[in-house]
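Have a look at the structure below, then the notes.
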């Protein structure tokens, strides 16, 4: 893995905490899933058992949808999305 990419990713994660506007829920889900894919790889957990746990079900589904995406791609897409949001 390219150290430069990892550094850019870590900077993007820090930047995500300082965005002036809160992203839409869809964008937040995208950021969450890309972050999880970049840092942990494919989702290996079971979906939440509680059918009314909509937030965690959505997070699990978003991450599961990225199955097979490599770490480098996930990091780059996360970086691109953060800088797009930052303007």
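None of the figures in this text is laboratory data; all of them are computed from the coordinates on show. This structure is a prediction, so every number in the text was calculated from the model and none was measured. Note that we place each Cβ from the backbone using ideal geometry, even for glycine, and neighbour counts take in every protein chain shown.
All Cα-Cα distances of the chain, cut into 10 Å bins from zero to the largest, leave 18, 46, 30, 6, 0 percent in each bin in turn. In the chain, the longest principal axis of the Cα atoms and the axis of helix 3-16 are about 70 degrees apart. Quick check: from the Cα gyration tensor, does the range 42-87 come out rounded (a/c under 1.5), prolate or oblate? Because a/c hits 1.5 or more and a/b fails to exceed b/c, the range 42-87 counts as oblate. Taking the longest Cα principal axis of the chain as reference, the axis of helix 54-64 is set at about 60 degrees. For residue 28 and residue 73, the FRET efficiency from 1/(1 + (r/R0)^6), where r spans their Cβ atoms and R0 equals 30 Å, is about 0.95. In percent, rounded to a whole number, the relative contact order of the chain is 44, using alpha-carbon pairs under 8 Å and six or more apart.
Shown for 46, 2: other C-beta atoms within 10 Å of each C-beta, ranked fewest to most, produce the order 46, 2. Between the Cα long axis of helix 71-86 and the first principal axis of the chain there is an angle of about 70°, rounded to the nearest 10.
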